[in-house]
Each structure stands twice: as C-alpha cells, then as structure tokens.
Amino acid sequence: MGFYFLRMSLLQALNHLRNLNKKPSKLAIQMHRAMVFQSLFLLQLLLLFSLTTATATAKRLHTIPRLSPIGPRVWLDHPDQILGESVREDLETFFYNQTLDHFNYRPESYDTFLQRYLINSKYWGGANACAPILVYLGAEAPIDEDLDVIGFLVDTAAEFSSLLVYVEHRYYGKSIPFGSREEALKNASTLGYFNSAQAIADYAAIIIHIKKTLQAKDSPVIVIGGSYGGMLASWFRLKYPHIALGALASSAPVLYFDDITPQYGYYALVSKDFRGASETCYQTIRKSWEEIDEVASKPDGLSILSKKFKTCNPLTDASELKNHLDSMYANAAQYNKPPTYPVNKVCGGIDGGGFGDDLLGRVFGGLVAYKGNRSCYVNEPTNQSETSAGWRWQSIRLILQRFASNIIFSNGLRDPYSSGGVLENISDTVVAVKTVNGSHCLDILFAKETDPEWLVAQRKTEIKIIKEWINKYYADLSRF
C-alpha cells in the first residue's frame, strides 16, 4: 500500500514536470518543487519503514551490515588503519541549541537539545576570500568514530583553503534529545523525531548558524557523507540547494528500494567478491550452510557445532551460527579495502585448511583469519549500542535528471551496497564516479602512500569536479 501511494505521488510529480515544458509560471515552478520534495521525502519515509520492518526478516534470513563508512572495528585495530588521531588537536568542539521539531507547530516542537559539531579552521582562507566550507554529515554513530578515519576533508583542506565542519547526527553521541539516551529511545513518541528529514534540517540550521557567526555568507558549502551519510548528503543538496553548492555522496545506496534494484542485489555482489577471490573458497561457503543444518539436526549436533566454532555460549539454534557467518562474509565484502582485503583474508583461512580438512573446519579457519586468535568467536556477550538501536529504527532517476545538480555519487563495485547506488551519470552535473576494485566509502577515508593508483585517480576526479563547481560559483558571484 505504501509503495502504491509513493508511485501515485511520483506520477503526479512527473505529470506536473511534463506540464512545465510549456512556459512555466513562478507559481507552477513552486508547486512542482513542493511536489518533488514531497515525493523525495516519501521515498525517505518508506526507506525508514522498510528498514525497520526488515529487521525481523533479517534475523531469519540475512543480516546485511548497517550503512557505516568505517566498517567493523576488527579491521580498525591496526595502527595503519587509524590515521586521524593527530588531526583532533586542530578541532574545536561546539554545541548548537537545536530545535527538536523543524516541521510542526505543537508546543513540544519548540523544545531544544544541544547538538555537537566540530570545526577545523587551520586551513581556511577566511570569509573575506569567500573560501569554501566542507561539511561532513555524521550518520548512525557518534561523530568521534568518523574523525579518526574520514580523511577526505583534511586531505583536501589545503588545496581548497577550506573550513572543515563535522556535525553529529541527532540521537547519537553527545547530541541526544530529551536529556538522555534512555528517554530519547523510550517510545514511539520520542522516537518520532528521529528521522532523516529532521536530521538534514538540523544540518541546515547549523550551517546557517556557522556562516552567520563567521560572517561567511558568500562562502560556498560542499556537504560530504558516506553510506547513510552519503544518502543524507544527496538529499541535503536536493532539499537545500540554496545552502549547499554541491554534495559528495560516497557509497550511498539511494536506489535501494523495492522494484528499483534487484531483491538480492546485495548478496549477489557478496558472492561475486568471494568467487573472485577464490572459487574453492566460494564453493566451501556455499556447501557449508547445508552441512551446518545437517550437523545441527543430530542429537548432539548443536553441542558439536559449539565446540567446532568455539562459541562463547552454547548454541541454541543453527541460525545463530549461520547468521554470524553470514554477517562476517557480508562485512568482509562491504569493507574489502586495501591493505587488509578482508575477503582475501577469509578465503585464505578457508583454503588454508589449518583447522582440519573437513568442510566446517575450513569455514572455522576463515572465521579465525577474519577475527584473529580469540578465546571464543560466536555469540559474544555485547551491550546494545546506540548505533544498533538507532539503525533499526531508521533503518529516481527521472527526478534526479530533471531536478538535481552538483551531486557526485561515488561507488566501489566490490561494495555490495553499490547494487543500490547511482552508477551512471544522470546529467552533466549529477555524476557517477566508480571504481571496479573499490569498497564501501573507501574514497573518503584518509589517503595513504600504499593506496592503489585507481583510488588516487578516483579522489582526483572528485576533487576536480568539486573545483569546477566552486569556480563556477565564484564566477557567478562576481558577475551578479
């Protein structure tokens, strides 16, 4: 029913677009914009609904990793993976008195909460020079997690003479409404303010505040985000084109909706990644699901599997183990980046046979290769994080072509989420920058000397496009 309503709304918007071909009046243009915005936000709301309702299905079928630019901490424990710690000393932290509800006029809508943002002014050319402002849009995690690994802003700051701003998403980190996380996530009423539309309105308010405070009204703004944050960046440019000159949306699966991308597109790419690394590894994984079920069906089967995979607690069902392995394979594929290349690590462990030549012994070898030596591997005791709780709640080509501009959709084709990304240029200014070997959000992480040439080239292409936007803006500014 929801998608029927969406299609009808989009059809109305498209019919209105056709009518605009005949000398549109100002009123007609305003009506068209309102209808398109409505359709876009219907897409967002339906995405949030589908992600929420998909949680129960994921428990039974697949557990697709959340939309995060940095991936599991297991691959960030290495010193060469965390490169931004020295950058923190250049950051100054601020809190903005944010409006709880940007769209309604009930008494509680005017409640406020403190929203965290950080500024690095080390490289900024200043307001008098109309130097640009690069704004990183935080996503479904505390902003601290991104500061150490998201390097695109710092790596390009000197070249752009830009001010760097990092904004934390509402309901995460230190940007919690209602006084505490427990109160904010307590019920549907408090969670009602936890959505993408409110989040990008938050970003708009903070950007306007910063520009006013710094007297930088003519400084162009480029918004940047990865994964879910990349979706926010593209939506921000669509909703607030008067605030953001352009957007870099890295690994943003904006087309990941029913009937727009293949139903199993994500896992088709996971399979492709593993098959590309090793055919024998892929076949071992494929056969292992049936083997796990067969062992589990025996009288002491779950006990056998618990010992075989060194589980932290005895398995109560075969799906516990299968979901854990499924999540591991998906994470490895989604964040299959240099220098570690997790898919190759897993397949090396599987093909190596260091834990027995039997099918499940090989699979366990892959688990050890992925996680390293541990006392136990499956169903570890964990506390529910604000990220996992929040993501469960949160969780068009013609419109883009006719309406959008100045958006880069960057994707690595080894990232399973690229199946829901924009992979072809929509117009001259809504462009796709993709790499065959790239993984999730790889282009906006800190640059390293070991980066392959294709990754360096991808970043150079993105920088060139952003420079063109800014130069055109400066030309228009001087002319008008």
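For this structure, a couple of remarks:
- Here ARG414 sits with roughly 70 square angstrom of accessible surface, probe radius 1.4 Å.
- Size descriptors for segment 423-480, from the alpha-carbon set: Rg then Dmax equal 14.2, 45 Å.
- Förster radius 30 Å - calculated FRET efficiency between SER109 and HIS242 (Cβ-Cβ, nearest 0.05): 0.80
- Trypsin sites (Lys or Arg not before Pro) restricted to DSSP loop in segment 176-261 with at most 15 other C-beta within 10 Å: LYS186, LYS217
- Hydrodynamic radius of segment 268-369 per Kirkwood, over alpha carbon pairs, in Å: 13.7 Å
- Across segment 320-336, rounded Karplus estimates of 3J(HN,Hα) from the backbone phi angles (6.51 cos²θ - 1.76 cosθ + 1.60, θ = phi - 60°) give 4, 5, 5, 5, 5, 5, 4, 5, 4, 4, 5, 5, 4, 6, 5, 10, 7 Hz, Gly and Pro being marked x.
- Straight-line cross-link partners of LYS472 among the aspartates and glutamates, defined as a Cα under 19 Å from its Cα and at least 8 positions apart when in the same chain: GLU159, ASP218, ASP428, GLU462.
- Here segment 264-362 is assigned +1 on the Cβ of each Lys and Arg and -1 on the Cβ of each Asp and Glu. Its dipole about the Cα centre then comes out at about 340 debye.
- Taking Lys and Arg as +1 and Asp and Glu as -1, the other residues whose beta-carbon sits under 13 Å from that of LEU302 total -1.
- Between PHE178 and ASP218, the FRET efficiency estimated from the beta carbon spacing at R0 = 35 angstrom works out to 0.40.
- Ranked order, GLU424, GLU380, GLU290, GLU279 - accessible area, probe 1.4 Å, largest first: GLU290, GLU424, GLU279, GLU380
- Ranked from largest, the principal axis spans of the Cα set of segment 109-236 equal 47, 30, 23 Å.
- Taking segment 176-298 as the region of interest, the number of lysine pairs whose Cα atoms are within less than 19 Å, with members eight or more places apart or on different chains, is 4.
- The accessible-area ordering, largest first, of the residues SER189, SER109 stands as SER189, SER109, per a 1.4 angstrom probe.
The values are calculated or read from the model by the stated rules, or taken from the named source; none is laboratory data. Remember, it's a predicted structure, so these values are computed and weren't measured experimentally. Every residue, glycine among them, receives a Cβ derived from its backbone with ideal geometry; neighbour counts consider all protein chains shown. Quick note on the areas: whole protein, heavy atoms, side chains included, nothing else; ligands and nucleic acids left out. Shrake-Rupley method; radii C 1.70, N 1.55, O 1.52, S 1.80 Å.
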